[in-house]
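The values are calculated or read from the model by the stated rules, or taken from the named source; none is laboratory data. Everything numeric in this text was worked out from a predicted model, so none of it was measured. Don't worry about glycine lacking a Cβ; one is built from the backbone with ideal geometry, like all the others, and counts go over all protein chains shown.
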Amino acid sequence: MTAEEFAARFGGEASESAGGPWSRPVADVPAERWAEAMAAAKADGLTYFDWLSAVDELDDGFRVVVHLWSVPEKRGLLIRTLVPRDNPAVASIVGVFPGAAWHERETHEMFGVDFPGNANLARLLLPEEFEGTPLRKEFVLASRVAKPWPGAKEPGEGAEGSAKRAPMRPPGVPTPEEWGPRR
């Protein structure tokens, strides 16, 4: 089954990922048919679960992406769905691909996407006291401001020249007064 046929079967769209000769066919499916699409892909021979993650698409929400592969046929398919930012949730696929459990936990922890049906979304990488979802684009990497920024000096400028001005902040990092969650 081609990506176009697969996407059309679930009311989605198909495309080709960027990457020239390394590109993959892509099928976008509606979030409410996510688990059904995974079962259909497995039945179609895409039995090797490679990975699952998400992409923060800002106001559009989060794009959950899975890569499946058919070893005997040497073909793969990226399957994506878009979940809203205010309630990012998509059905767990652990019942279809048990190896997705770790990936769903990581995506839940790093992006805040919920996977109803996965009974174990416990912390995986971050300490218990950590607050926030570090792979969301609005998350401020405070450590970039707390440490000296290597761009504080101009090329050829010595230590005496850098003391004349305040250290630079990396592009896109807000001032300490602006830190905190967006409201």
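Listed by position, the helices (runs of 4 or more DSSP H) enclosed by the stretch 1-114 that each have at least 2 residues that are farther than 30 Å from F130 by Cα and touching a strand residue (DSSP E or B) at 6+ places or on another chain (Cβ under 8 Å) are 3-9, 34-43.
Each row is one residue, and each column tells you yes or no for (1) closer than 17 Å to G12 by Cα; (2) hydrophobic (A, V, I, L, M, F, W, C); (3) touching an Asp or Glu at 6+ places or on another chain (Cβ under 8 Å).
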residue: Y48; (1), (2), (3): no, no, no
residue: E57; (1), (2), (3): no, no, no
residue: R80; (1), (2), (3): yes, no, yes
residue: N118; (1), (2), (3): no, no, yes
residue: A122; (1), (2), (3): no, yes, no
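From the list P88, P72, the lone residue that is at pLDDT 95 or above, in the same structural domain as D44 (by TED's automatic domain parsing), over 22 Å from the mean Cα position of the chain (by Cα) and of a type outside the set (S, T, N, Q) is P72. Among the residues of the stretch 52-69 satisfying the criterion of being within 8 Å of the chain's Cα centre (by Cα) and not aliphatic (A, V, I, L, M), which is farthest from T2 (Cα to Cα)? Only one residue fits best here, namely D56.
Within the stretch 75-85, if we keep just the residues that are surrounded by fewer than 18 Cβ atoms within 10 Å (Cβ to Cβ) and among the charged types (D, E, K, R), the residue that is modelled with the lowest pLDDT turns out to be R75.
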